[in-house]
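First the structure, in the form of structure tokens, and then the observations on it.
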Amino acid sequence: MSACLDIRGLSAVLPNGQRVLRSVSLTVQPGEVRALVGESGAGKTMIGKAVLGVLPKSVRVVEGDMLIEGEDLGQLDAKARRTLIGARTALIPQDPLTALNPSRRIGPQMTDRLVRILGWSGERADKRIRQLLDEVQIRDPERVLKSYPHELSGGMRQRVLIAAAFAAEPRLIVADEPTTALDVTVQKQILRLIAQLQRDHGTAILFVTHDLGVVAKISQKVSVLYAGKVVEEAETAQLFAAPQHAYTRALIAATPRYTDPYASLKPVDESVLAGLAAEIAAADQSWRPGHG
Amino acid sequence: MDEARIARRGLSPRLWLAGGWLLLALLAAIFAPLIAPQDPLAQDLMLERLPPFWLDGAEPGYWLGTDSLGRDLLSRLIFGGRIAFIVAFAAATSACLIGSALGLIAGYFGGWADRIISRVVDVWMAFPPVLFAILLVAVLGTSLSSVILAIAIIDWTRFCRVIRAEAMSQARMDYVESARIAGYGRTGIMLREVLPNVLPSVVALLSLEMGIAVIVEAILSFVNLSISTDDPTWGSIIAEGRLSIHQAWWVLVFPLITLILTVLSFSQFGEALKARFDPVLR
């Protein structure tokens with residue numbers, strides 16, 4: 001059985017030639033949660049956008065392949081690619097405030113997608129949406145469906161977006177830091193919801209985050225990203241038990257702990273960063289765009 | 001929905017004052033033949049320069065006095081309103097349609113479409129608008145339709161610039177991105193996702209533009225370049241009033257007040273509408 005998502009040697013550059021992704025390879029097996037961790041600017045979100053076909057115009061993919069369930073996106077024309085991505089993937093976005101259209105009611109926004117993607121009747125889509133709203137524990141679907149986004153709280157909006165993402169039964173969901181914009185108490189509920197729906201629906205998730213605590217809770221496998229390069233990948237339990245790369249060890253050590261609130265935060269050590277910089281420089285030296 | 005908030009928003013005095021004046025002026029213009037106390041074109045040199053009703057020497061039936069040819073000022077203002085409103089609606093709507101469509105395309109699609117449209121707008125706006133209007137009317141000939149055409153040709157750039165900027169910021173929103181992921185086409189996203197979110201601005205600008213159209217029409221008729229001199233327009237009444245300012249101040253002052261109130265109401269009405277219809281803005 002082919003992987004749900006298979007990225008092979010993906011490299012992308014900015015117009016000035018700077019590399020933002022450095023031969024990234026990763027796979028997400030069906031029904032599996034793969035976490036993608038790294039600091040801001042490491043290229044986590046960029047990978048998610050590349051998969052979904054919404055990279056900014058300025059970023060150019062120069063090499064590598066992306067396969068969704070064995071179908072090579074590079075081999076498809078633009079229209080077929082859009083259809084494939086629309087039917088098999090979905091996004092749980094980072095910021096629930098801007099991810100819903102402010103001038104349209106929640107109900108039509110959600111049903112529209114199902115009618116469009118799956119060709120369902122409006123009635124069937126409506127029923128499906130209600131079922132999903134129930135699954136994300138929204139108790140008064142009538143009110144929510146009739147509301148405009150600004151009438152709902154951030155947590156409610158994120159529930160709506162999770163419901164919308166799962167509604168069309170995608171094979172793969174890209175969750176782009178779905179809890180970052182929420183406050184801590186809501187974060188936990190949302191995380192639990194995503195995990196619950198993921199298990200119930202058997203959906204594969206590429207879970208982008210910078211929070212190792214979240215990684216430990218939700219994922220089976222982890223890829224650690226630094227400056228657009230995968231520096232380590234492992235099973236989640238193994239990564240925490242025996243991190244192989246110095247950067248991963250430093251990252252785990254830098255996580256604040258509730259058990260020792262008075263310990264000062266440990267930034268990633270200078271020598272580790274210097275080692276990483278050397279590693280990346282060496283890789284860039286031998287790299288020729290287009291010829292891997 | 002919160003009933004109290006709707007009531008509060010609905011009762012904005014700005015909306016009612018501006019809307020009230022516009023409605024009054026519009027109704028007066030529509031039913032001018034029924035409302036106007038006198039024939040606006042009837043001259044009577046025995047009744048020249050009658051003062052408004054509260055001054056000595058006023059005649060009953062001539063509420064705001066008469067001009068130097070003995071024509072009733074109030075009736076002329078009411079009939080002048082017809083031209084003002086026709087020009088306001090027709091010119092502003094045309095400018096709005098052209099400008100908003102191009103602005104939406106430039107802002108949402110970006111790239112070449114944006115570059116071409118934006119350059120045209122830049123060049124367009126380099127012309128002084130009033131001179132441009134005078135030139136256009138001089139070329140097209142003085143008629144109601146050429147005044148409307150001239151205003152639309154000049155002022156579409158206002159819509160284009162604002163709507164372009166709004167569409168650009170909307171196009172960067174996450175909900176546009178999720179629509180793309182879901183597989184919607186670019187044109188579909190533009191009309192379905194972006195357009196509804198720029199509509200409040202379009203409405204506000206449209207109302208503002210109606211005010212501007214009224215001014216431009218008044219300017220054109222002030223310099224005798226609007227429609228035939230027989231029909232009263234606010235601009236032509238002002239032009240006549242200027243000549244007799246020392247003998248009959250009211251011929252200048254009343255049309256000016258009417259003009260100012262109307263233009264002010266259009267702009268305030270637009271702002272109030274925007275605040276009311278924007279679901280995010282409160």
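Read the figures in this text as sums done on the coordinates, not as results from a lab. As the structure is a prediction and not an experimental result, all values here were calculated from the model. All Cβ positions, glycine included, derive from the backbone under ideal geometry; neighbour counts span all protein chains shown.
For the reader, a short list of remarks on this structure follows.
- The stretch A:3-95: GluC sites (Glu not before Pro) falling in loop per DSSP and having at most 14 other Cβ within 10 Å: A:GLU39
- Here the average projected area of the convex hull drawn through the C-alpha atoms of the stretch A:5-285 stands at 16.1 nm².
- The mean number of partner chain beta-carbon atoms within 10 angstrom of a residue's beta-carbon across peptide A:110-123 is 1.
- Value of [θ]222 nm, deg cm²/dmol, for chain B, DSSP H segments ≥ 4, -39500 (n - 2.57) each, nearest 500: -23500 deg cm²/dmol
- Residue (of A:ALA3, B:ALA58, A:HIS150) at the positive-pole extreme of the protein assembly as shown, dipole from beta-carbon charges: A:ALA3
- Here chain B is described by how far its Cα atoms reach on the three principal axes: 78, 52, 29 Å, from widest to narrowest.
- Vicinal HN-Hα couplings computed from phi for the stretch A:234-249 (Karplus, 6.51 cos²θ - 1.76 cosθ + 1.60; Hz; Gly/Pro x): 6, 5, 4, 4, 5, 4, 6, 6, 9, x, 8, 8, 4, 5, 4, 4
- Peptides A:105-116, B:121-132, A:139-150, ordered by how many other C-beta atoms sit within 10 Å of their residues on average, highest first, read A:105-116, A:139-150, B:121-132.
- Crossing angle, helix A:78-88 versus chain A [Cα axis fit, 0-90 degrees, rounded to tens]: 70
- Diffusion coefficient (Stokes-Einstein, Kirkwood radius over C-alpha pairs, 4 °C, 1.567 mPa s) for the stretch A:101-237: 81 µm²/s, rounded to a whole number.
- Mean partner shielding of peptide B:171-177, defined as the number of other chain Cβ atoms within 10 Å of each residue Cβ, is 6.
- Exposure proxy for B:ILE35, B:ILE163: other Cβ atoms within 10 Å of each Cβ, ordered fewest to most, give B:ILE35, B:ILE163.
- Span from the the stretch A:78-127 Cα centroid across to the the stretch B:88-155 one, whole angstrom: 37
- Cα-Cα separations in the protein assembly as shown greater than 39 Å, expressed as whole percent: 47
- Spatial extent of the stretch B:25-126: Rg and Dmax, with the Cα atoms as the point set, Å: 22.8, 69
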